[in-house]
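Here is the structure we will look at, set down as structure tokens.
Rule-based calculations on the coordinates, nothing more; no lab input. Bear in mind the structure is a predicted one, so any value in this text is a computation, not a measurement. Note: ideal-geometry Cβ built from the backbone for every residue, glycine included; neighbour counts use all protein chains shown.
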Amino acid sequence: MARATVVMCMVLALLLGTRGSFAAEPSRAESPGNAGARAKGFHLTRLNIFHDPQRPLGPLEAARVSLTFLQEETGRPSEPTRGLGGGMVTHHYILAQIMLAGANAKADRAALLAAARSAPAGEYRDCIHLMLGLSGDKSVVPFLVGYLGDAGNSPWLRGHAARAFLRHPDPRAVDVLCATLKDPFYVVRTSGGPAKCYDLRILARSALLNMQEKGVPLPPAAVAALPHVVIREEIPMDIPPGTPPKE
């Protein structure tokens with residue numbers, strides 16, 4: 001039942017804005033071929049390169065393309081634009097899509113690590129570390145813990161830190177994941193009726209449940225709280241679809 005709920009609600013590509021913001025569902029930007037999921041500056045259709053069966057990317061090339069896209073988007077952030085579904089496609093949304101595409105394409109870790117070592121502190125290097133986390137590199141776990149725990153970071157990108165621990169469990173993340181079970185960030189989804197969906201809580205709960213299944217000890221309070229974490233709340237119908245996020 002918990003995993004079914006995750007499938008319905010936990011789509012990181014639908015995270016928008018900052019904590020406590022309202023947002024309608026964006027267009028289907030998980031499918032980069034959707035022409036509506038474009039932003040001024042970076043077109044998400046460019047991510048098709050990661051999925052082209054006629055020219056599959058090897059790990060080194062996937063890393064090179066990912067780093068090029070991240071450099072481009074962090075160097076010149078795209079302007080927000082509205083997708084076909086009414087939600088906003090933002091700079092952080094685009095970064096999240098690039099990182100996920102690169103990690104899923106198995107971008108070469110050594111190339112990513114080398115790029116991170118030579119990059120100055122800032123958003124670009126943070127994104128490389130998040131990609132490494134999604135790829136299972138344990139050297140970035142302390143970074144991921146700190147990044148997820150900092151509410152000042154974009155929920156889009158914090159979500160990737162939580163997703164990294166869902167994909168690659170690590171006991172060092174238990175405390176920050178427990179704290180994230182109460183994170184106030186939500187987005188408004190309209191499918192199945194308007195509701196607040198607490199995406200970071202969903203990711204944190206799923207990561208903790210996965211750890212529990214694998215025998216990682218959890219604090220008794222967390223074990224007791226997991227079945228009762230609020231991940232979705234129905235809301236009145238008078239909140240209009242397409243209400244922009246408050247970034």
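Neighbouring Cβ atoms within 10 Å as the yardstick, rank L200, L60 fewest first.
L60, L200
With 10 angstrom as the radius, rank Y124, Y198 by how many other C-beta atoms surround their C-beta, starting from the fewest. Please report the intermediate quantities before stating the final value.
Working: Y124 19, Y198 26.
The fewest-first ordering by Cβ neighbours comes to Y124, Y198.
Using the Karplus equation 6.51 cos²θ - 1.76 cosθ + 1.60 (θ = phi - 60°), what ³J(HN,Hα) coupling, rounded to whole Hz, does each residue of region 228-235 give in order, writing x for Gly and Pro?
After applying 6.51 cos²θ - 1.76 cosθ + 1.60, I find 10, 5, 7, 10, 8, 9, 5, 10 Hz.
With 10 angstrom as the radius, rank H168, H129, H228, H91 by how many other C-beta atoms surround their C-beta, starting from the fewest. Don't jump to the answer; show the numbers that get you there.
Details: H168 18, H129 24, H228 7, H91 21.
Lowest to highest Cβ neighbour count: H228, H168, H91, H129.
Working from the alpha-carbon coordinates of region 107-239, get Rg over Rh, Rh being the Kirkwood radius. Please list the in-between numbers first.
Working: Rg = 16.0 Å, Rh = 15.7 Å.
Rg/Rh for region 107-239 comes to 1.02.
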